[in-house]
Amino acid sequence: MSTAPLSRIALYYRFTPLADPEAVRLWQRTLAASLGLTGRIIVSPQGINGTVGGPVDAVKRYVRGTREHPAFRDLEVKWSDGSAADFPRLSVKLKPELVAFGAPERVTVDAGGVVGTGERLTPAQVDALVAERAGTANPVRFLDGRNTVEAAIGRFDGAVVPDAHTTRDLLAAVDSGALDHLKDAPLITYCTGGVRCEVLSALLKDRGFAEVYQLDGGIVRYGEARGDAGLWRGELAVFDRRLSTRFTADAETIGRCVTCQAPTSALRNCADPACTTLEVRCAACAADDPEHRCPVCAHRPHPAERTEA
């Protein structure tokens, strides 16, 4: 009896100046499509950021092909369970920023990556720094570099979670002074795979934060190294049809349904097809109210009542 080929998802990013990002975008689309991969790839003058899935042999060929470009020779790739079926299609877009903070002029990128980032820490170094500073007058603080929905189902112990629905909101939190109470703390920024913290840590340092670190490889690398035995709690929100994943069967459920407050890690889309908002909602509440809309859309006319202008 034949079996389906093993499939995997590859996650990666590389900050590096690209002289002709449109040419890179066209090449990436051709490469990924020729191998039957799906996923999301962003190309910008600042570099490349992607998540692609498919048969493992095809994904490995894609990685080898991408590394043939001189700018991506040292591309680091993280691997995750999943397949092409976890993505609706292949999307390869050209954008002004690799991460949409809305301020490309404030980010300097050279051949070594983002200039002025926080010091990178491995998972072992994170644990060691937290232990070293525990019980002192200035313990380590974690700063979540994702949005509030992602943080609702998984985060580091005691993490500060800014009121951020988009990455632009993170920049607003930095610029507004909302995080200034952390300026003198040893501050570890973290996000899913590390790309957002490349920029966030540099923005924090530019504002005068004294001791800024970033979790190298993000939550994905920490989970690979420590599973659920370290400082991470809950599940990890991901950007494909799975919506969330856990590192081990022992993962805690720290999320709470927005409707009934029952423990759940389920992320569900707003019922409005024009909205991309996710909320934490349990299966029972989703079944009871399949037409549920997020708080923003709840104040707008129902899709059936709208007419074209």
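Numerical summary
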{"item": "Part-to-part distance (alpha-carbon centres) for the range 190-256 and the range 123-154, which is given in Å", "result": "10 Å"}
{"item": "q = 0.15 Å⁻¹: log10 I(q)/I(0) that the Debye formula gives for the chain, counting C-alpha atoms only", "result": "-1.34"}
{"item": "Sequence-distant aspartates and glutamates (8 or more away, or on other chains) whose Cα lies within less than 15 Å of Lys205", "result": "Glu119, Asp175, Asp180, Asp184"}
{"item": "GNM result for the chain, Cα springs below 10 Å: residue of Ser176, Ser244, Ser80 fluctuating most strongly", "result": "Ser176"}
{"item": "Most to least accessible of Leu171, Leu6 (protein chains only, probe 1.4 Å)", "result": "Leu6, Leu171"}
{"item": "Unit charges at the beta carbon, dipole of the chain: most positive-side option, Thr148, Val24, Val130", "result": "Val24"}
{"item": "Along each principal axis, Cα extent of the range 172-309, largest first, Å", "result": "52, 42, 24"}
{"item": "Total charge dipole magnitude, the chain, about the Cα centre, Cβ charges on Lys, Arg, Asp, Glu only, Debye to nearest 20", "result": "700 debye"}
{"item": "GNM flexibility winner over the chain from Gly53, Gly227, Gly217 (Cα, springs under 10 Å)", "result": "Gly227"}
{"item": "Selected from Asp228, Asp180, Asp81 as most flexible by GNM, with the chain as the system and alpha-carbon contacts under 10 Å", "result": "Asp81"}
{"item": "Computed over the range 217-257, Cα set: Rg, Dmax in Å", "result": "10.1, 29"}
{"item": "Reachable aspartates and glutamates, given that their alpha-carbon falls under 17 Å from the alpha-carbon of Lys93 and they are not under 8 places away in the same chain", "result": "Asp20, Glu22, Asp240"}
{"item": "Hits among lysines - C-alpha to C-alpha of Lys78 under 20 Å, sequence gap 8 or more where chains match", "result": "Lys60"}
{"item": "Pairs of alpha carbons in the range 123-198 whose separation is greater than 18 Å (percent)", "result": "40 percent"}
{"item": "Span from the the range 89-114 Cα centroid across to the the range 17-70 one, whole angstrom", "result": "15 Å"}
{"item": "Net charge dipole size for the range 151-309 [Lys, Arg +1 and Asp, Glu -1 on Cβ; Debye, nearest 20]", "result": "140 debye"}
{"item": "Residue among Val174, Ala58, Leu267 farthest towards the positive dipole end of the chain, charges placed on Cβ", "result": "Ala58"}
{"item": "Sparsely packed trypsin sites (Lys or Arg not before Pro) within the range 165-265, loop by DSSP, other Cβ within 10 Å at most 14", "result": "Arg207, Arg241"}
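The values are calculated or read from the model by the stated rules, or taken from the named source; none is laboratory data. Since this is a predicted model, take the numbers as computed values, not measurements. With ideal geometry, Cβ positions are generated from the backbone for all residues, glycine too; neighbour counts draw on all protein chains shown. Heads up: the accessible areas ignore ligands, DNA and RNA and are worked out on the full protein's heavy atoms, side chains in. Shrake-Rupley method; radii C 1.70, N 1.55, O 1.52, S 1.80 Å.
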